[in-house]
Amino acid sequence: MSNAITAEGLRKRYGETQAVDGVSLEVRRGEFYGILGPNGAGKTTTMEILEGLREPDEGSAQLLGQPSWPRDPALLHRIGVQLQASAFFERLTAREQIRTFAALYGVAETRADEMLETVGLTEKAGTREDKLSGGQAQRLSIACALVHDPELVFLDEPTTGLDPQARRNLWDLLRRINSAGRTVVLTTHYMDEAETLCDRVAVMDHGRVLRVGPPRELVRELGVDTLEDVFLQLTGREYRE
Ligand SMILES: Nc1ncnc2c1ncn2[C@@H]1O[C@H](COP(=O)(O)OP(=O)(O)OP(=O)(O)O)[C@@H](O)[C@H]1O
């Protein structure tokens with residue numbers, strides 16, 4: 001079977017900024033894959049190209065065996081993308097939001113309500129999206145990305161802004177999804193998160209992939225103690241500004 005993702009020679013420039021500068025990577029089916037890098041490393045742009053939301057200037061990506069660009073509507077049912085909270089439908093409650101996403105995918109309302117429960121938002125089901133806290137909106141966006149049980153899920157910094165308990169709950173949820181055979185690709189600024197969840201990580205900086213491997217192997221190869229040390233050694237930078 002083909003990889004979940006195969007990307008070759010991706011490049012993307014915004015004006016003077018070479019955001020992505022020759023990224024090639026492979027994500028296997030069923031893998032939990034992390035993209036790490038300092039601010040501005042090109043993680044989000046790379047994800048957007050992989051998701052088929054952005055056209056690369058050069059290079060190409062295959063998503064579940066299909067070209068990611070031009071966007072193939074048949075792939076939409078098979079992938080889940082966590083959108084920013086600003087992409088919610090205006091003035092709908094949490095329940096209405098996720099039921100709307102469910103309806104777009106032809107998924108039952110009961111499944112939408114279950115997902116709300118899974119991310120701990122049942123009590124907020126009747127709250128309008130603009131009245132949710134940052135962490136609650138974050139969890140709602142993740143629930144919306146997962147409502148149609150996609151084979152491949154993309155999450156961009158999913159636990160940023162969550163309190164420790166919500167973060168653990170989300171880790172459990174992502175582990176369950178992955179154990180059920182789903183492929184998960186995420187970006188994160190938290191090295192403990194990458195170490196705990198990811199089968200392999202790609203460390204990026206300046207639009208390039210510097211190194212790929214299982215966290216523990218990278219630690220061993222570089223002769224350091226933690227993934228944080230790996231990050232520091234490869235990028236020469238702390239992982240947060
Ligand atoms: N739409 C855009 N227009 C112009 N420049 C952009 C755009 N999107 C990203 N950039 C620039 O491209 C570079 C890479 O940005 P990108 O968001 O991909 O990095 P990132 O690794 O996700 O960063 P962060 O961790 O801060 O989210 C940055 O220098 C950013 O300022």
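One line per residue, one yes/no per condition, for (1) over 16 Å from Gly207 (Cα atoms); (2) of a type outside the set (Asp, Glu):
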residue: Leu25; (1), (2): no, yes
residue: Arg28; (1), (2): yes, yes
residue: Phe32; (1), (2): yes, yes
residue: Leu36; (1), (2): no, yes
residue: Gly40; (1), (2): no, yes
residue: Glu51; (1), (2): yes, no
residue: Pro56; (1), (2): no, yes
residue: Gly59; (1), (2): no, yes
residue: Gln62; (1), (2): yes, yes
Pull out all pairs, ordered by first then second residue, where Cβ-Cβ is under 8 Å, the residues are six or more apart or on different chains, the first lies in the stretch 42-58 and is touching a residue at least 12 places away in the same chain (Cβ under 8 Å), and the second is near the ligand (Cβ under 8 Å from one of its atoms) and in a helix (DSSP H, G or I). Arg54/Thr45; Arg54/Glu48
Can you tell me which of Thr122, Thr118, Thr127 is closer than 20 Å to Tyr105 by Cβ, surrounded by fewer than 23 Cβ atoms within 10 Å (Cβ to Cβ) and of a type in the set (Ser, Thr, Tyr)? Thr118
Quickly run through the stretch 109-122 and pick out the residues that are in a helix (DSSP H, G or I) and at pLDDT below 90. Thr118
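The values are calculated or read from the model by the stated rules, or taken from the named source; none is laboratory data. This one's a predicted model, so the numbers in the text were calculated from it and none came from an experiment. A quick note on method: Cβ atoms are made from the backbone with ideal geometry, for glycine too, and the neighbour counts reach across all protein chains shown.
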